[in-house]
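Please read the structure below before turning to the comments.
The values are calculated or read from the model by the stated rules, or taken from the named source; none is laboratory data. Note that the structure is a prediction, hence the values are computed from the model and not measured. Neighbour counts are summed over all protein chains in view; Cβ atoms, including those assigned to glycine, are modelled from backbone coordinates with ideal geometry.
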Amino acid sequence: MQISPSILSADFSRLAEELRAIGNADWAHVDVMDNHFVPNLTLGLPVVEALLRVSPVPIDCHLMIEDPLRWAPPYAQAGAGSVTFHVEAAEAAGQDPLVVAREIRAAGARAGMALKPRTAWAPYEGLLPELDMVLVMTVEPGFGGQDFMADQLPKVAQVRAAISRRGGTGQIWVQVDGGVSADTIEACAEAGADVFVAGSAVYGAESAAAAVDRLRALVARHAGA
Ligand code: DX5
Ligand code: ZN
């Protein structure tokens, strides 16, 4: 069970301090948005390179950008421990998601593939051997602080079941992102998620570190369930 706070809800004028505040987390989730794949713009490779120099925890890059085959591998080469691309972005560019995942792994990171809420999982099950993580979005990507979409939990369960069918032993992770809080995280764990992204629930709290500990305590008892 891993907690990955999203710095989208952090103070962008103090990112180094904001990262140091979550040194008890497993990852720092960095949302890269290009204002094309999603209607919002955040940061890109030069800022991620700077964050990598100061982060106390490995960086989990969530790329909400077009043309992932071109842009995802450099984040891995820069040192991000996990790089997640959107399958919808790959397909819109005529790119094979399998090739994008292989390129991320070849560049040295764990390869994640994300699904927007309206994207079904079933067509992609065959990609599992090429993936280290599947990200099931529990909001429409683009903004922090949105309401959790409980109707995505069956998809989380489908992904978990597919991993189990293939004899997955915890090597392939299932991440949830969007609206994850103390109120919703246990339902995610029960459905089969094991990596939890939380932005506003962590950086909106009085103490980010205490919020991380609280979320972790809520899911700890679901470990291995
Ligand atoms: C949304 C981002 C999320 C976002 C989550 O597009 O991918 O990572 O920061 O924020 P909360 O936890 O506030 O929903
Ligand atoms: Zn994200």
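Just to be sure before I move on: is His36 away from ligand 1 (no atom under 11 Å from the Cβ) and either over 12 Å from the mean Cα position of the chain (by Cα) or crowded, with 19+ Cβ neighbours inside 10 Å (or both) in the structure I sent? Yes; evaluated as a whole, the condition is true for this residue. Cβ-Cβ distances below 8 Å connect the following pairs, each with a first residue in the stretch 120-135 that is hydroxyl-bearing (Ser, Thr, Tyr) and buried (at least 18 other Cβ atoms within 10 Å of the Cβ), a second residue that is assigned to a helix (DSSP H, G or I) and at pLDDT 95 or above, and a separation of six or more residues or different chains: Tyr124/Val87; Tyr124/Pro97.
Take the conditions more than 12 Å from ligand 1 (Cβ to nearest atom) and modelled with pLDDT under 95 and apply them to Arg105. Does it pass? Judged against the criteria, Arg105 is not a match. Kindly establish whether Ala157 is touching a helix residue (DSSP H, G or I) at 6+ places or on another chain (Cβ under 7 Å), farther than 19 Å from Leu45 by Cβ and small (Gly, Ala, Ser). Yes; evaluated as a whole, the condition is true for this residue.
Could you check the stretch 89-104 and list, in sequence order, the residues that are crowded, with 24+ Cβ neighbours inside 10 Å and either touching a Leu at 6+ places or on another chain (Cβ under 6 Å) or within 21 Å of Val139 (Cβ to Cβ) (or both)? Scanning the stretch 89-104 gives Ala89, Val100, Ala101. Inspection of the stretch 81-88 identifies no residue that is surrounded by fewer than 16 Cβ atoms within 10 Å (Cβ to Cβ) and either within 13 Å of ligand 1 (Cβ to nearest atom) or of a type outside the set (Ser, Thr, Tyr) (or both).
Scan the stretch 178-199 and give yes if some residue there is in a helix (DSSP H, G or I), within 23 Å of Val87 (Cα to Cα) and without any contact (Cβ under 8 Å) to a residue 60 or more places away in the chain, otherwise no. Yes, some residue in the stretch 178-199 is in a helix (DSSP H, G or I), within 23 Å of Val87 (Cα to Cα) and without any contact (Cβ under 8 Å) to a residue 60 or more places away in the chain. Looking for something out of contact with any strand residue (DSSP E or B) (no Cβ under 6 Å at 6 or more places or on another chain) and farther than 24 Å from Leu127 by Cα - is there at least one such residue anywhere in the stretch 58-65? Yes, there is a match, as at least one residue in the stretch 58-65 is out of contact with any strand residue (DSSP E or B) (no Cβ under 6 Å at 6 or more places or on another chain) and farther than 24 Å from Leu127 by Cα.
Residues in the stretch 201-212 that are within 16 Å of ligand 2 (Cβ to nearest atom), of a type outside the set (Val, Ile, Thr), more than 13 Å from Thr138 (Cβ to Cβ) and touching a strand residue (DSSP E or B) at 6+ places or on another chain (Cβ under 9 Å): Tyr203 only.
Taking the criterion of being more than 11 Å from ligand 2 (Cβ to nearest atom) and in contact with a helix residue (DSSP H, G or I) (Cβ under 6 Å, 6 or more places away or on another chain), the residues of the stretch 188-200 that qualify are Ala189, Ala191, Gly192, Ala193, Phe196, Ser200. Considering only residues in the stretch 42-54 that are within 16 Å of ligand 1 (Cβ to nearest atom) and either under 27 Å from Arg216 (Cβ atoms) or over 17 Å from the mean Cα position of the chain (by Cα) (or both), the one that is surrounded by the fewest Cβ atoms within 10 Å (Cβ to Cβ) turns out to be Val47.
Of all residues in the stretch 155-184, those satisfying the criterion of being more than 16 Å from ligand 1 (Cβ to nearest atom) and under 19 Å from Asp60 (Cα atoms) are Gly170, Gln171, Ile172.
Working only within the stretch 110-154, note down all residues that are closer than 26 Å to Val99 by Cα, more than 16 Å from ligand 1 (Cβ to nearest atom) and either of a type outside the set (A, V, I, L, M, F, W, C) or outside any helix (DSSP H, G or I) (or both). Once the filter is applied, which keeps residues that are closer than 26 Å to Val99 by Cα, more than 16 Å from ligand 1 (Cβ to nearest atom) and either of a type outside the set (A, V, I, L, M, F, W, C) or outside any helix (DSSP H, G or I) (or both), the stretch 110-154 yields Arg110, Ala111, Ala120, Trp121, Pro123, Tyr124, Glu125, Gly126, Pro129, Glu130, Leu131, Asp132.
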